[in-house]
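A.B. asks: Structure provided below as structure tokens; questions to follow.
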Amino acid sequence: MNVRASEALWLAVAIVVVVALTLARPEERATPSTYSSYDTGPNGYRALYEVMRKEGVPTSRLERELGTLREFHGTLVVSQGTFLDALGSVDVQRLAALVRAGARLVVLGNVVDASGAQTLHVPGAVTIAQTMVATRVARDSDTDGVTEVTATMTSAFSLRKEPRIRTLLAAGGKSVAVALSLGKGSIVAITAPGIFSNAVLARDQNARFAYDVLSSNGALLFDERVHGYAVGASMWDVLPQSVRGAVWLAVAMLALAIIGSLFRSAPPIALAPPRLRDSSAYVASMAALLRRAHAGAAAIERFAEDAARLARNRPGGGKRPDIVAQLALLETLRASTHPDDSALLVAARADAYVRKELA
């Protein structure tokens, strides 16, 4: 087999392998689009999130349990999710408490079950023939500048005449968006979550309706936990309120202690004066100085001269045997070239003896 035939064979094998791998690769499934503010697909609310931010509305996302929202008086958006089919009773109770305290809750789609809807006083929904247009009914701040909106709608609220429930939008003679008051807050329920989606938000009426509903109560918060964007609670989140108070009290006490150590509020306490020192302290310090200066020979010479001077000045002092012995010892130590500490101590004692006897 020549070279050209070998190259052709290897090329054919490579083509067969590539084709086999391509055919064996499983079909890629399209990622479903959800009603999440992270989603850029047709059903997502990413465009809504960015529009509200650009319009100056403080906008953020909630990825923790609803129980962590202890104080919230803005607008909370809960849309149909994939992480939970419906909110549990504990979450619904928490939502009702937030609304009663002054928050606005916007429910988009089938987020709560029948018992949850009863707790929030939201009417039940029924299936209707698919329609694409909803028209304005109520004329108030929630529908200011809106005449009709576009979205795919397959369900509506089965409303009875209740004075506290206002119909914002209707389609096919039935309500698809309602608003009601609960305590100090309010709830807006919309059966069609696609009404604020990326696919239709570019329409002027849809964007206007979204702004009217979501910007009237301060800060805007999108619940992303229902879409699977959940993070665990921190240690601080799970601590009881009493423990948090104790922690803050300890921090305050530590801060006061630091401030007190840096900035004195009274004059410092005067220390007791040092006690009077006797001559032994002077002797000790001079001995240390002489030792460091290696002045042992000079000191021994001074001791010898001092003893000799005393012996000369006292009549008969130089004839006493004990004095003569001490003078001879000093002369011997004086003749030493490199006296050590013990020699210096002997010379000092000899001079002290002569001084005591002849003074």
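Okay, residues lined up against (1) of a type in the set (Phe, Trp, Tyr); (2) more than 33 Å from the chain's Cα centre (by Cα); (3) not in a helix (DSSP H, G or I):
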| site | (1), (2), (3) |
| --- | --- |
| Leu201 | no, yes, yes |
| Phe222 | yes, no, yes |
| Tyr229 | yes, no, yes |
| Trp236 | yes, no, no |
| Gly245 | no, no, no |
| Ala250 | no, no, no |
| Pro267 | no, yes, yes |
| Pro274 | no, yes, yes |
| Arg277 | no, yes, yes |
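A.B. asks: Any idea which of Leu290, Leu276 is out of contact with any Pro (no Cβ under 9 Å at 6 or more places or on another chain), surrounded by 11 or more Cβ atoms within 10 Å (Cβ to Cβ) and of a type outside the set (D, E, K, R)?
C.D. replies: One residue alone meets the criteria, Leu290.
A.B. asks: Right, next: Could you count how many residues in the stretch 121-140 are in a loop (DSSP other than H, G, I, E, B) and among the basic types (Lys, Arg)?
C.D. replies: 1
A.B. asks: May I pose another question? Which numbered condition in (1) of a type in the set (A, V, I, L, M, F, W, C); (2) touching an Asp or Glu at 6+ places or on another chain (Cβ under 9 Å); (3) touching a residue at least 40 places away in the same chain (Cβ under 8 Å) is the only one that Ala189 fails?
C.D. replies: Ala189 satisfies all of (1) of a type in the set (A, V, I, L, M, F, W, C); (2) touching an Asp or Glu at 6+ places or on another chain (Cβ under 9 Å); (3) touching a residue at least 40 places away in the same chain (Cβ under 8 Å) except (2).
A.B. asks: Does Leu239 qualify as being over 26 Å from Lys356 (Cα atoms), modelled with pLDDT under 85 and either assigned by TED's automatic domain parsing to the domain that holds Val354 or surrounded by 10 or more Cβ atoms within 10 Å (Cβ to Cβ) (or both)?
C.D. replies: yes
A.B. asks: For Gln118, which of the numbered conditions (1) at pLDDT below 85; (2) assigned to a loop (DSSP other than H, G, I, E, B); (3) polar (S, T, N, Q) fails to hold?
C.D. replies: The one condition Gln118 does not meet is (2).
A.B. asks: Only one of (1) aromatic (Phe, Trp, Tyr); (2) more than 30 Å from Thr68 (Cα to Cα); (3) under 37 Å from the mean Cα position of the chain (by Cα) is not met by Tyr282, so which one is it?
C.D. replies: Every condition holds for Tyr282 apart from (3).
A.B. asks: Can we say Val99 is closer than 22 Å to Ala219 by Cα and of a type in the set (Val, Ile, Thr)?
C.D. replies: Yes, satisfied.
A.B. asks: Regarding Val106, is this residue at pLDDT 90 or above and in the same structural domain as Leu220 (by TED's automatic domain parsing)?
C.D. replies: Yes, satisfied.
A.B. asks: Which residues, counting only those in the stretch 187-220, are under 14 Å from Leu76 (Cα atoms) and buried (at least 21 other Cβ atoms within 10 Å of the Cβ)?
C.D. replies: Ile187, Val188, Ala189, Ile190, Ala210, Val213, Leu214, Leu220
A.B. asks: Provide a single number: the residues in the stretch 285-294 that are in a helix (DSSP H, G or I), of a type outside the set (D, E, K, R) and either modelled with pLDDT under 75 or closer than 21 Å to Thr337 by Cβ (or both). Walk me through it before giving the result.
C.D. replies: Here is the first cut: in the stretch 285-294, the residues in a helix (DSSP H, G or I) are 285-293.
After this cut, where a residue has to be of a type outside the set (D, E, K, R) as well, the list is 285-290, 293.
Checking which are either modelled with pLDDT under 75 or closer than 21 Å to Thr337 by Cβ (or both) leaves us with 287, 290, 293.
So the count comes out to 3.
A.B. asks: When you go through Leu108, Leu168 one by one, which is the residue that is surrounded by 21 or more Cβ atoms within 10 Å (Cβ to Cβ) and more than 17 Å from Val226 (Cβ to Cβ)?
C.D. replies: Testing whether each residue is surrounded by 21 or more Cβ atoms within 10 Å (Cβ to Cβ) and more than 17 Å from Val226 (Cβ to Cβ) leaves just Leu168.
A.B. asks: Next question. Between a residue in the stretch 304-317 that is assigned by TED's automatic domain parsing to the domain that holds Ala343 and touching a residue at least 40 places away in the same chain (Cβ under 8 Å) and any residue that is surrounded by 11 or more Cβ atoms within 10 Å (Cβ to Cβ) and of a type in the set (D, E, K, R), which pairs come within a Cβ distance under 6 Å, given they are 6 or more apart or on different chains?
C.D. replies: Pairs found: Ala304/Arg334; Asp306/Asp351; Ala307/Asp351.
The values are calculated or read from the model by the stated rules, or taken from the named source; none is laboratory data. Here the structure is a predicted model, which is why all the values come from computation and not from measurement. No Cβ is skipped: glycine too gets one built from the backbone with ideal geometry, and neighbour counts run over all protein chains shown.
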